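The values are calculated or read from the model by the stated rules, or taken from the named source; none is laboratory data. Source: prediction; values computed, not measured. No Cβ is skipped: glycine too gets one built from the backbone with ideal geometry, and neighbour counts run over all protein chains shown. Accessible surface is based on the protein model in full, side chains and every heavy atom, while ligands, DNA and RNA are left aside. Shrake-Rupley method; radii C 1.70, N 1.55, O 1.52, S 1.80 Å.
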Amino acid sequence: MRLPGALGIIFGLPLVVILLHLLTNENYSIKGINLDWEAVKKQLPNSKDQLWALCFDAQCWKVYLIWFVSTTFFDLILPGKHKKGVQLRDGTHLAYNINGKSVSSAFVAVLIARLFLSPTYFVPELQFVYDHQLQLILVTVIFSFLLSVFVYIASFIPLTSANGVGTKERILSVNGNTGNPIYDFFIGRELNPRIGSWDIKLFCELRPGMLLWLAIDLACIHNQYHKYGSVSDSIVLVTALQAFYVFDGVLNEEGCLSMIDITTDGFGFMLSFGDLAWVPWTYSLQARYLSNPQNAVHLGYIRIAAIVLLMGVGYYIFSASNNQKSAFKQGKLDHMKSIKTKTGSKLLCDGWWAMSQHINYLGDWMIAWSWCLTTGFQTPITYFYVIYFGTLLLHRQMRDDAKCSDKYGEQWEEYKRLVPYKIIPYVY
Ligand code: NDP
């Protein structure tokens, strides 16, 4: 059952990304759920040669490789704080260079320089992204596939002092080490694949995909401004809200070191595709939809204020609860009510963490709603993100419940008795 699921995701999710593109671009406007399949099909290649040309467009590959290599270069050379990751199974801790601040500053500086170097504020790179969305989607999907093949093969090469990464041996992920090559390739065989001290997983999680998502949003505004002479308040709002979220993630990357993705999940196709292709192309769906003048939404001050308020409250819950747990784990909130576990660590059952077992997920989901609401109520397609993200959070809650139950046993059951709601207080 696990293998068909993995195969379904490997082939199915890239098709979802492509379908969403076909439904939300400048040449296709969807109202309600009335799909005009003929118009959708017209956008597809009608020969193998055309498909090949789309998948292997030399210019798009060049642009994407420059993007990936330059984000890697910035990641490697820019200064940051040195932080230790959580303790691994062999007792070691990996060292991370936390340089989100310098990487974000470099990204913004390059963007501003590009913008002001042109007297008309025309940035060819942004327009290129807008004009080659389908080709770039295919490039990111194929690239993420190749990267997962690379890390899967590398996971079999024993560590030596020459290729040492900081651990005594390669730490394999518990779930991705079943011996079934397709399943392990999908889930990720190695926990933290690295080249020297460069951590591929943390890099992919927060650099090329997240920043590309923001670049796509900006490319949509750029296209609207240069092609139609003005920009709608809705596209500016969704880009501003998402830019805030992207920079918040990149600037607070230390928080990621204790996230399930880094501590528990292997790095395989699921994360590689998720980080490099799924995040930039599905999270930018609202801006891409709004970039079509036929879908234009004028929000006005009242609706803008309501959406900003929703995002603000969601962000407050998300960040205050995550910060509280993080401060508690660092021993800064010892006065708060907690349960001592058999592993020696404590479970916080006070403050935000008395309201529900994952109150931080509720905040994140409210943020998701605020982005989707910028597209008005013309079609449910632009609400894909809240549905997908809600499902992801439910699945994460179940996985985390199984993990904590395994790790903390009776004390986790006691925590659940004290804090019965899983995500939404008094509802679920
Ligand atoms: P959590 O931040 O909820 O972390 C769960 C872990 O925290 C548990 O495994 C356990 O780990 C510890 N823990 C759980 N309850 C307690 C408690 N009461 N007291 C002390 N420790 C506890 O989950 P995630 O890592 O999944 O998510 C982190 C954030 O990232 C969330 O805000 C989420 O919304 C966001 N996110 C965003 C995504 C996106 O695409 N935008 C995708 C995924 C997540 P331990 O073993 O250390 O005790």
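Residue count for region 315-327 satisfying the condition of being near the ligand (Cβ under 10 Å from one of its atoms) and either at pLDDT 95 or above or open to solvent by less than 40 Å² (accessible area, probe 1.4 Å) (or both): 5. Restricting W198, W213 to residues that are among the hydrophobic types (A, V, I, L, M, F, W, C), surrounded by fewer than 15 Cβ atoms within 10 Å (Cβ to Cβ) and in contact with a Ser or Thr (Cβ under 8 Å, 6 or more places away or on another chain) narrows the list to W198. Scanning region 206-230 for residues that are in a helix (DSSP H, G or I), modelled with pLDDT under 95 and of a type in the set (D, E, K, R) yields one hit, K227.
You will find that of H358, H395, the residue that is more than 8 Å from the ligand (Cβ to nearest atom), closer than 14 Å to Y428 by Cα and open to solvent by 10 Å² or more (accessible area, probe 1.4 Å) is H395 and no other. Please determine whether any residue of region 234-257 is surrounded by fewer than 20 Cβ atoms within 10 Å (Cβ to Cβ), closer than 24 Å to L136 by Cα and in contact with a Ser or Thr (Cβ under 7 Å, 6 or more places away or on another chain). Scanning region 234-257, I find at least one residue that is surrounded by fewer than 20 Cβ atoms within 10 Å (Cβ to Cβ), closer than 24 Å to L136 by Cα and in contact with a Ser or Thr (Cβ under 7 Å, 6 or more places away or on another chain), so the answer is yes. If the condition is being among the hydrophobic types (A, V, I, L, M, F, W, C), open to solvent by 60 Å² or more (accessible area, probe 1.4 Å) and more than 17 Å from the chain's Cα centre (by Cα), then region 1-25 contributes M1, L7, F11, L15, L19. Assess whether L348 counts as being farther than 30 Å from R303 by Cβ, open to solvent by less than 40 Å² (accessible area, probe 1.4 Å), near the ligand (Cβ under 10 Å from one of its atoms) and in contact (Cβ under 8 Å) with a residue 24 or more places away in the chain. In short, yes. Quick one: in region 47-73, of everything that is aliphatic (A, V, I, L, M) and within 24 Å of A106 (Cβ to Cβ), which residue is surrounded by the most Cβ atoms within 10 Å (Cβ to Cβ)? Looking at the filtered set, the residue picked out is V63.
Taking helices (runs of 4 or more DSSP H) as the structural unit, those lying wholly within region 1-75 and holding at least 1 residues that are closer than 22 Å to S148 by Cβ correspond to 2-23, 48-55. Please verify whether I424 is free of Cβ contacts under 8 Å to residues at least 60 places away in the same chain, under 30 Å from A240 (Cβ atoms) and surrounded by fewer than 19 Cβ atoms within 10 Å (Cβ to Cβ), treating the condition exactly as stated. Considered against the rule, which asks whether it is free of Cβ contacts under 8 Å to residues at least 60 places away in the same chain, under 30 Å from A240 (Cβ atoms) and surrounded by fewer than 19 Cβ atoms within 10 Å (Cβ to Cβ), I424 comes out as no. Of all the numbered requirements in (1) near the ligand (Cβ under 9 Å from one of its atoms); (2) out of contact with any Ser or Thr (no Cβ under 7 Å at 6 or more places or on another chain), W371 misses one, and that requirement is (1). When each of K342, K337 is tested for being of a type in the set (K, R) and within 11 Å of the ligand (Cβ to nearest atom), the lone residue that passes is K337. Can you find, within region 238-271, the residue that is farthest from V86 (Cα to Cα) among those that are away from the ligand (no atom under 16 Å from the Cβ) and in contact with a Phe, Trp or Tyr (Cβ under 9 Å, 6 or more places away or on another chain)? Within region 238-271, the match that is farthest from V86 (Cα to Cα) is F269.
Among the residues making up region 280-314, those that are open to solvent by 20 Å² or more (accessible area, probe 1.4 Å) and closer than 29 Å to P14 by Cα are Y283, P293, Q294, A296. The listed residues are A287, A240, and the only one of them that is without any contact (Cβ under 8 Å) to a residue 40 or more places away in the chain and over 13 Å from the mean Cα position of the chain (by Cα) turns out to be A240.
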